[in-house]
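**Student:** If you scroll down you'll find the structure; I have some questions about it.
No value in this document is a laboratory result; all are computed from the given coordinates. The structure displayed is predicted, hence computed values, not measured ones. Because the Cβ atoms are built from the backbone with ideal geometry, glycine has one as well, and the counts that use them run over all protein chains shown.
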Amino acid sequence: MDSTATDFQPSNSKNEKKMTRRELDSHIVRLMLEEPFYAGVLRGVNYVETCAIPTAGVSTKDLEINFYWNPYFLGSLSREEICGLLKHESMHLALDHTTNRRMEPHIVHNYATDLAINCDIPKNELPEGGLVPGEKFKDLSEEQKKKMGQEAIDRYNRISEKISQFPTHMSSEWYFTKILEDQDLSDDVQQSGDDEAIGMDSHEGWGELSESERELMKAKIRKSVEEAVKEADSTGRWGSVGSEVRGELRKLISNDVNWRAVLRQFCGMLRRGTRTTSWTRVNRKYAGMVAGAKRGYTSSIAVYIDQSGSVDDNSLELAFAELRNLSSKIEFTTFHFDTDVDQSSETVWKRGKTPEAIRTRCGGTNFETVTRHANENRHKFDGYIIITDGEAPKPSPSKMKRGWLIIPNRNLVFEPSNRDFVMKMKEAS
């Protein structure tokens with residue numbers, strides 16, 4: 001945590017209950033006895049007491065898995081709420097929210113992951129401010145209203161109304177996409193960073209890792225999760241973890257290839273170098289400039305979206321969420337297709353925006369027409385991705401790199417060409 005951050009310590013701290021490390025340890029022991037899976041995930045974390053954050057949170061900053069906790073915040077919670085907070089933080093780690101499933105803008109990601117996790121935590125265990133889809137926020141106290149001001153109060157109520165209309169038990173990618181699709185809600189969420197009444201934990205430091213550091217931390221977290229899952233399976237002591245969540249956790253620790261990593265690898269292979277001339281004055285005292293060069297990398301990738309009915313909106317939202325993470329350095333251009341490519345559907349993916357999952361066609365599926373269109377436009381693109389269920393005849397070889405992004409629970413029905421990449425998506429947790 002940033003040592004220069006605001007000190008979140010009550011002004012009347014002498015009258016506030018402050019939790020000691022010994023008291024926290026007693027709650028951790030209780031978690032081990034009653035909720036062994038969650039305790040297993042948290043087994044290797046460092047517990048760091050701090051007043052630099054208002055609540056608590058896990059972080060993978062500095063290549064360590066840390067659990068930061070504000071002693072005054074935890075001191076204000078009930079026994080059940082502390083249990084719920086520990087469960088919540090363990091699931092952020094278990095579901096890769098701090099590493100590979102990180103999405104930008106970060107505050108929308110924070111909302112989306114909290115909404116996904118809190119569906120599986122009993123309401124009486126959620127501290128005040130916990131986001132729950134399908135439910136409005138708690139009424140603000142008079143003290144909170146005085147601190148927030150009218151603008152923040154209005155924003156709080158607008159977000160509450162929209163969140164109350166969301167269904168439960170959807171993936172974090174689903175909530176992320178739905179928030180961004182509603183421009184008013186997206187603006188309110190992104191302006192709510194300082195609204196202390198919203199949110200029960202801190203997500204600081206999640207986006208500060210390099211690609212190699214992220215993979216390292218993912219491997220470290222995965223080891224803890226794998227051990228916790230295997231131990232829970234062997235002893236039958238899963239605690240309150242539901243059967244659906246157990247199934248998702250088993251999938252996460254399987255040895256299947258991570259489709260997100262393959263997608264990033266495919267896009268990374270298509271990067272091309274750029275070079276622009278720059279001019280630098282050698283010395284301010286003398287006239288004259290020296291020519292130099294600035295180098296960078298970019299790429300332009302076409303994305304063809306299968307319009308058949310089996311390619312559902314949830315699958316598209318899952319794919320879009322990952323592509324959006326790559327759009328800061330890659331320009332994506334989307335096209336819809338069925339038996340032909342819909343030229344009028346061409347949309348350039350603007351940085352920071354996600355295309356809507358709308359349909360413009362509803363016919364059959366023809367991969368040959370996509371390949372032909374891509375080959376004809378190879379001067380514009382460095383490669384292309386086809387989002388599909390994979391259920392159509394094999395097309396001819398492509399003159400560019402071609403990636404098949406197959407929706408969950410479907411397969412490519414033919415043997416792909418040697419130069420093709422196949423990425424089989426998995427349903428999100």
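**Student:** Which order do the peptides 319-326, 99-106, 391-398 come out in when sorted by mean C-beta neighbours inside 10 angstrom, highest first?
**Tutor:** Packing order, densest peptide first, comes out as 319-326, 99-106, 391-398.
**Student:** Also: If each DSSP helix of 4+ residues adds -39,500 (n - 2.57) and the sum is divided by the residues in the chain, what number results at 222 nm, nearest 500 deg cm²/dmol? Don't jump to the answer; show the numbers that get you there.
**Tutor:** On the way: 14 runs with 163 residues, N = 429.
That comes out to -11500 deg cm²/dmol.
**Student:** In the stretch 13-255, what percentage of the DSSP-assigned beta bridges are antiparallel, given to the nearest 5?
**Tutor:** The antiparallel fraction comes to roughly 50 percent.
**Student:** How many angstrom separate the Cα center of the stretch 203-263 from the Cα center of the stretch 98-113?
**Tutor:** For the stretch 203-263 versus the stretch 98-113, the Cα centre distance is 16 Å.
**Student:** What Rg and what Dmax come out for the stretch 13-255 when only alpha-carbon atoms are used, in angstroms?
**Tutor:** Using the Cα atoms of the stretch 13-255, the pair Rg, Dmax is 17.5, 54 Å.
**Student:** Using 0.36 nm per residue, how much length does the chain from Lys230 to Ser396 gain when fully extended, once their Cα-Cα distance is taken away?
**Tutor:** 55.3 nm is the gain from fully extending Lys230 to Ser396.
**Student:** Same structure, new question: Please work out how much length the chain gains when fully extended from Asn124 to Ser310, using 0.36 nm per residue of separation minus the C-alpha to C-alpha distance, in nm with one decimal.
**Tutor:** Gain in length upon complete extension: 63.1 nm.
**Student:** Return one number: the angle in degrees, 0 to 90 and rounded to the nearest 10, between the long axis of the Cα atoms of helix 367-376 and the longest principal axis of the Cα atoms of the chain.
**Tutor:** 70 degrees
**Student:** Once label points are set 7 Å from the Cα along Cα→Cβ at both Asn46 and Arg158, what is their separation, rounded to one decimal in nm?
**Tutor:** According to this spin-label approximation, the distance is 4.1 nm.
**Student:** Determine Rg/Rh for the stretch 354-429; Rg is computed over alpha-carbon atoms and Rh is the Kirkwood hydrodynamic estimate from the same atoms.
**Tutor:** In the stretch 354-429, Rg relative to Rh is 0.96.
**Student:** Right, next: To the nearest 0.05, what FRET efficiency results for Arg410 and Ile253 with a Förster distance of 35 Å applied to their C-beta separation?
**Tutor:** With a Förster radius of 35 Å, E is 0.95.
**Student:** Starting from the 7 Å offset along Cα-to-Cβ, what nm value, one decimal, do you get for the label separation of Asp187 and Arg30?
**Tutor:** If labels sit at Asp187 and Arg30, their model points lie 4.5 nm apart.
**Student:** Calculate how steeply helix 259-269 sits against the longest principal axis of the alpha-carbon atoms of the chain, using the helix alpha-carbon long axis, and give the answer as 0 to 90 degrees to the nearest 10.
**Tutor:** Here the helix axis deviates by roughly 50 degrees.
**Student:** May I pose another question? Students often check this: by mean Cβ neighbours within 10 Å, which of 19-30, 85-96 ranks highest, and how do the rest follow? Kindly include the intermediate steps, with their values, before the conclusion.
**Tutor:** Values: 19-30: 13.5, 85-96: 25.1.
Result, highest mean first: 85-96, 19-30.
**Student:** Give me the distance between the Cα centres of the stretch 394-414 and the stretch 18-33, rounded to whole Å.
**Tutor:** Taking the Cα centre of each part, the stretch 394-414 and the stretch 18-33 sit 52 Å apart.
**Student:** If amide H atoms are built 1.01 Å from N in the plane of the peptide, which residues on other chains or at least 5 residues away come under 5 Å of the amide H of Tyr304?
**Tutor:** Amide H neighbours of Tyr304, under 5 Å, 5+ apart: Phe335, Ile385, Ile386, Ile387.
**Student:** Against the longest alpha carbon principal axis of the chain, how many degrees, from 0 to 90 and to the nearest 10, is the axis of helix 21-34 turned?
**Tutor:** Here the helix axis deviates by roughly 70 degrees.
**Student:** Using 19 Å as the Cα-Cα cut-off, could you pick out the over-long pairs in Lys17/Lys123; Lys329/Lys380; Lys162/Lys426; Lys230/Lys251; Lys123/Lys220; Lys17/Lys61? Walk me through the numbers before you get to the answer.
**Tutor:** Working: Lys17/Lys123 23 Å; Lys329/Lys380 16 Å; Lys162/Lys426 28 Å; Lys230/Lys251 12 Å; Lys123/Lys220 31 Å; Lys17/Lys61 29 Å.
Pairs exceeding 19 Å: Lys17/Lys123; Lys162/Lys426; Lys123/Lys220; Lys17/Lys61.
**Student:** Please give the contour-minus-distance gain from Ser210 to Leu63: 0.36 nm per residue of separation, less the Cα-Cα distance, rounded to one decimal in nm.
**Tutor:** Numbers: separation 147, 0.36 × 147 = 52.92 nm, distance 1.05 nm.
Length gained, Ser210 through Leu63: 51.9 nm.
**Student:** Return a whole-number percent for the relative contact order of the chain, with Cα pairs under 8 Å and 6 or more residues apart as the contact set.
**Tutor:** On the way: 710 pairs, mean separation 59.0, N = 429.
The value is 14 percent.
**Student:** With a cut-off of 8 Å between alpha carbons and a minimum separation of six or more residues, what is the relative contact order of the stretch 13-255 in percent?
**Tutor:** For the stretch 13-255, the relative contact order is 27 percent.
**Student:** How far apart, in nm, are the 7 Å Cα→Cβ label points at Val262 and Ser243?
**Tutor:** A separation of 3.0 nm, rounded to one decimal place.
**Student:** Moving to a separate point now. To the nearest 20 debye, what charge dipole does the chain have about its Cα centre, counting +1 at the Cβ of each Lys and Arg and -1 at the Cβ of each Asp and Glu?
**Tutor:** Here the size comes out at about 2080 debye.
**Student:** At what distance in angstrom do the alpha carbon centres of the stretch 63-84 and the stretch 178-195 lie from each other?
**Tutor:** With the stretch 63-84 and the stretch 178-195 each reduced to a Cα centre, they are spaced 26 Å.
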